[in-house]
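Input: a single structure, listed below in structure tokens.
The values are calculated or read from the model by the stated rules, or taken from the named source; none is laboratory data. What you are looking at is a predicted structure, and each value in this text was computed from that prediction instead of being measured. For neighbour counting, all protein chains shown are included, and Cβ atoms are generated from backbone atoms with ideal geometry for every residue, glycine included. What goes into the accessible areas is simple: the full protein's heavy atoms, side chains included, and nothing from ligands, DNA or RNA. Shrake-Rupley method; radii C 1.70, N 1.55, O 1.52, S 1.80 Å.
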Amino acid sequence: MKQIEMNDSATSSHRQQNLYWNQMIELKVEAAYIRRYRDALGKKVTALATSSGGIAAWAIWREYAFLWGAIIAASQVADALKEVFPFTKTHKAACDHAISLNSMFIDAQLEWESIFSGRYTGEQIMTRLHKLKKLQHETERKNFPLGLATKDAFFAEAQQEAQDYFASTYSVV
């Protein structure tokens, strides 16, 4: 992703501000990425869920009772075992991770306003940056202790979303 930069008057003043700004961009990309990842897994989890429509259809088309019975039995087995499937556990972790990252981003935006306005010293900014990085690391470690593979298409979309977001919210290019 082309690095999003603030206008010259904002970037020339403080290196610490730039570091925090870049971390905020990274956080936004990560939040957008995990949301896409979660949604893709959610489709698989939904497909696995038992369909009440199937039971209703069975009542209507009784001549296919054996077929519908097999479908309903398979659905019930899949529903009972859904917690065993790795993607259901990963989906839950992705849901939790998305919530955490979005919450962190909201807090980072609030903090950015104080940083940008010059209310914090360089040392205070670095302390806040350290805290933000540590929170990102801890939530990823908690939700994905073995790591999370990157899907290039999701990552590219997340980068574009972040770029569009920062361009429209903060008028940066």
With a 10 Å radius around each residue's Cβ, average the other Cβ atoms per peptide and rank 130-138, 35-43, 116-124, highest first.
35-43, 130-138, 116-124
Taking the highest mean first, how do the peptides 139-145, 150-156 order by number of other beta carbon atoms within 10 angstrom per residue?
139-145, 150-156
Suppose all protein chains stay in the model; what accessible area per residue would a 1.4 Å probe give for segment 127-168, in Å²?
69 Å²
